[in-house]
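A.B. asks: Handing you a structure now.
The values are calculated or read from the model by the stated rules, or taken from the named source; none is laboratory data. Fair warning: this is a prediction, and the values are worked out from it, not measured in the lab. In this analysis, Cβ positions are derived from the backbone assuming ideal geometry, glycine residues included, and neighbour counts consider all displayed protein chains. The area values use the complete protein model at the heavy-atom level, side chains included, leaving out ligands, DNA and RNA. Shrake-Rupley method; radii C 1.70, N 1.55, O 1.52, S 1.80 Å.
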Amino acid sequence: MNKIAIYPGSFDPPTNGHIDLILRSSELFQRVVVAILRNTTKKCLLSVEERLELLKECTKNIPNVEVDAFDGLLVDYARVREAKHIIRGIRALTDFEYEFQIALLNRRLAPDIETIFFMPKEEHVYLSSKLVKEVALLGGNLDNFVPKPVSIYLNQKIKNFLHFYDTEG
Ligand code: PNS
């Protein structure tokens, strides 16, 4: 059995929910490749390079996890990496329709690649990168939502950003 899995996403920023899923999948697969989508239409707060660095830092103690970035179709990237599994998380019913659509579309494109869904810890169910960004931009405490290196980085980035506007304005 092929035991490489790809965990794709935007990770803008990585949250405790993402790390929980990475840990869960690292226990099931020989190798987990956390893959950041480069060519997204979403407006991102962090650059791909910033997200790569943060994810590497947050997963440095999990030996079978690798962090990478990809362009183009996810199933093409999975083939290049010789992965037969795609990992996605489902937090609530609201995720289901979107995830179901992506999984079935990917299956149509690549019937040999299986999508596997993980449920996060209950305490992470409400978490999303979008809400974390909102809390961060409004100066809220991020400690319960993201790993320490991410909260330190985001706080500093937003401080620099606000300072720039103060001095420019
Ligand atoms: O964290 P996200 O933004 O919900 O992740 C979405 C992602 C990266 C999994 C999805 O957009 C994706 O796989 N994009 C790559 C392009 C692709 O393969 N599209 C067809 C399936 S959606």
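A.B. asks: Taking the condition within 18 Å of I6 (Cα to Cα), more than 13 Å from the ligand (Cβ to nearest atom) and surrounded by fewer than 11 Cβ atoms within 10 Å (Cβ to Cβ), does E82 pass? Give the derivation first.
C.D. replies: Numbers: within 18 Å of I6 (Cα to Cα): yes; more than 13 Å from the ligand (Cβ to nearest atom): yes; surrounded by fewer than 11 Cβ atoms within 10 Å (Cβ to Cβ): yes.
Here the answer is yes, as E82 does meet what is asked.
A.B. asks: Any residue that is closer than 24 Å to S47 by Cβ, more than 12 Å from the ligand (Cβ to nearest atom) and in a helix (DSSP H, G or I) - is there at least one of those in segment 138-146?
C.D. replies: Checked against the condition, which is being closer than 24 Å to S47 by Cβ, more than 12 Å from the ligand (Cβ to nearest atom) and in a helix (DSSP H, G or I), segment 138-146 yields no hits at all.
A.B. asks: Starting from residues that are within 17 Å of F145 (Cα to Cα) and of a type in the set (V, I, T), keep the ones in segment 111-135 and report whichever is nearest to the ligand (Cβ to nearest atom). It would help to see each step written out before you state the result.
C.D. replies: In the first step, residues of segment 111-135 are kept if they are within 17 Å of F145 (Cα to Cα); the result is 119-135.
Remaining after also requiring of a type in the set (V, I, T): 125, 132, 135.
On the way: V125: 16, V132: 13, V135: 18 Å.
The residue in question is V132.
Here is a yes/no grid of residues against (1) among the aromatic types (F, W, Y); (2) under 10 Å from the mean Cα position of the chain (by Cα); (3) within 19 Å of E123 (Cβ to Cβ):
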{"position": "I4", "(1), (2), (3)": "no, no, no"}
{"position": "P8", "(1), (2), (3)": "no, yes, no"}
{"position": "P13", "(1), (2), (3)": "no, yes, yes"}
{"position": "L23", "(1), (2), (3)": "no, no, yes"}
{"position": "V33", "(1), (2), (3)": "no, no, no"}
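A.B. asks: Determine which member of the set L37, L74, L104, L46 is of a type in the set (A, V, I, L, M), within 14 Å of the ligand (Cβ to nearest atom) and open to solvent by less than 10 Å² (accessible area, probe 1.4 Å). Give the steps one after another, and end with the answer.
C.D. replies: Details: L37 fails: open to solvent by less than 10 Å² (accessible area, probe 1.4 Å); L74 fails: open to solvent by less than 10 Å² (accessible area, probe 1.4 Å); L104 fails: open to solvent by less than 10 Å² (accessible area, probe 1.4 Å).
Result of the check over L37, L74, L104, L46: L46.
A.B. asks: Going through S10, S25 one at a time, which residue ends up being touching a helix residue (DSSP H, G or I) at 6+ places or on another chain (Cβ under 8 Å) and within 22 Å of E99 (Cα to Cα)? Talk me through it step by step, then tell me what you get.
C.D. replies: Details: S25 fails: touching a helix residue (DSSP H, G or I) at 6+ places or on another chain (Cβ under 8 Å).
The unique qualifying residue is S10.
To keep it simple, each residue is scored yes or no on (1) within 18 Å of the chain's Cα centre (by Cα); (2) under 25 Å from K60 (Cβ atoms).
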site: A78; (1), (2): yes, yes
site: L93; (1), (2): no, no
site: E99; (1), (2): yes, no
site: G139; (1), (2): no, no
site: F145; (1), (2): yes, yes
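A.B. asks: Please work out which residue is nearest to the ligand (Cβ to nearest atom), limiting yourself to segment 85-101 and to residues that are loosely packed, with under 11 Cβ neighbours inside 10 Å and outside any loop (DSSP other than H, G, I, E, B).
C.D. replies: Taking segment 85-101 first, the residues loosely packed, with under 11 Cβ neighbours inside 10 Å are 92-94, 97, 101.
Then drop every residue that is not outside any loop (DSSP other than H, G, I, E, B), which leaves 93-94, 97, 101.
Values: L93: 16, T94: 12, E97: 13, Q101: 8 Å.
Once the filter is applied, the top-ranked residue is Q101.
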